[in-house]
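A.B. asks: Sharing a structure below in C-alpha cells format, with a few things to ask.
The values are calculated or read from the model by the stated rules, or taken from the named source; none is laboratory data. Fair warning: this is a prediction, and the values are worked out from it, not measured in the lab. Here the Cβ is made from the backbone with ideal geometry for all residues, glycine too, and neighbour counts use every protein chain on show.
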Amino acid sequence: MARYFVDIWQAVSSAMVGMSITIKHIWKKPVTLQYPEERQVLSPRFRGFVHNDMNKCDACQICARTCPVDCIYIETEGKGKDRWLTRYAIDYNKCIWCSMCTEGCPANSITMSHDYDHSVYFRESLVYEYVDPTVKKIPCHKEKRIELGYHVMVKPEKKKPVEKPAAEKPAPESTEADDKGETK
C-alpha cells in the first residue's frame, strides 16, 4: 500500500517539474525557425558548399591534388600556351567540406559558401559542372587570359631595399699625449 502512494507522489512531482520548465519558457523568445522562410545566421567561418569562380580559375589543379577524397575533376586540352580548361566539376556526394581546396588556391577562385541545403532527388545531380564545354572553353595561360578579358592574379612586386648611405668613419680617438701637444 505504501508503494502505491510513493508511485503517485513521484508521478505528480515529475509532472510538476516538467510543467515548471514549460512555464519558464512561455515568456522567452522561441528558438525554432520556420524553415525555409527563416534561415539560421551562420558564423563567418562556416564551411558550406564549395563554389568556384570560373573567371578566376586558371586550372592549376592544386585544389584537385589537395582534396583528400578526390571529389574535384579538372580536364584540360592542349599544352603550354594553347591549354584550355574543358571541365571543372565537384562531386558533392564525396565532398567532406574540409576546405583544403580553398587554402591552396593561388587565384582565390575556389571558396566555401554559406549555402548548406542542396536537396535533390537523384545523387547524380549532386555532381556540379562549372564549365559547359559546348558553349566555351576557358584559357589557362596568363597571356591568353589577359587577351580574352579573364581575371589574372597579379603578384605584388618585391620592394627593393632602400640603400643606406655609407656610414662616415669615426674620427680617430685622441690620446692624452695629443692633447698636451706632445709627439709620440
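A.B. asks: Inside the stretch 50-72, can you point out the residues that are outside any loop (DSSP other than H, G, I, E, B) and exposed (fewer than 14 other Cβ atoms within 10 Å of the Cβ)?
C.D. replies: Within the stretch 50-72, just 65 meets the criteria.
A.B. asks: Determine if the stretch 39-49 includes at least one residue that is basic (Lys, Arg) and exposed (fewer than 10 other Cβ atoms within 10 Å of the Cβ).
C.D. replies: Checking the stretch 39-49: at least one residue is basic (Lys, Arg) and exposed (fewer than 10 other Cβ atoms within 10 Å of the Cβ).
A.B. asks: Can you give me the ranges of the helices (runs of 4 or more DSSP H) entirely in the stretch 86-184 with at least 2 residues that are modelled with pLDDT of 85 or more and surrounded by 11 or more Cβ atoms within 10 Å (Cβ to Cβ)?
C.D. replies: Qualifying helices (runs of 4 or more DSSP H): 100-103.
A.B. asks: Cβ-Cβ under 9 Å, sequence separation 6+ or interchain: first residue in the stretch 53-75 and more than 13 Å from residue 97 (Cα to Cα), partner of a type in the set (Lys, Arg) and assigned to a loop (DSSP other than H, G, I, E, B). Which pairs?
C.D. replies: 59/83
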